[in-house]
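Here, each number is a calculation from the coordinates, and none is a lab measurement. Here the structure is a predicted model, which means the values were calculated and not measured. We place every Cβ from the backbone using ideal geometry, glycine too, and count neighbours over all the protein chains shown.
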Amino acid sequence: MDQTDQFMNAIRCFLFLLLVPAFHSKAQAIKTANQFEGKITYKIEYSAKNNFDVSNFSTLYGDTAELFYSKGNFRFDFNGTETKRHVYRVDSNQRMMLVNQKGIEKTITTDLTKPVSYLVEINHGESKKLLLTQAYGNGSTSRSDFRFDSDQLMIDPSVFRRWHYNHLNTVFAFSKSLWTEHRIETDEYVIHWKAIDIKARTIDNKLFLLKQ
């Protein structure tokens, strides 16, 4: 190879190194642009099995939840009288709960990197449906049916890779989307979440402060 060829190869390598970050930045921009940011309103319904009293659920959470989501950060606002808010910040891997117990406001923190159950079964079923069966240390089980019917709710699942609590890392790795419906069934009760309103909007990061 003569000096001219060596020089041209060096130029090509130099240009390639310049272009790779540009292509990467563009890909990241597209990836970010396709992610949902906004507010989802869910209707929550409770039904009893085996004469179980589900009235406590209405007191705890109410019948409506508003989810604010941006770049891996969650905030759930409930209209119940006891549980007021759940906040998950992607930079902490913790869930912070704001609760009102007998008129006293308290904060409860949960480490989401630690599972509280183990998976018994994962059934992908349809492309937009996921079924998880979980078992707990006390011998109880629960079955969670998720539906992902909206292409508008796409997210980056990698930000949840350490969220082992309730196995949401597994859920989002499959769906790459927030759910439109979530049905939780045990031997005693059924809780059904259904999205009734979806609004894409810019969310101020301050919203993910627990008491904001």
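Within the shell defined by Cβ-Cβ distances under 12 Å, the residues around E188 carry a net charge of -2, with Lys and Arg each +1 and Asp and Glu each -1. Can you pick out the pairs among K39/K128; K102/K128; K106/K194; K49/K194; K102/K129; K129/K206 whose Cα atoms lie more than 30 Å from each other? From K39/K128; K102/K128; K106/K194; K49/K194; K102/K129; K129/K206, over 30 Å: K102/K128; K102/K129; K129/K206.
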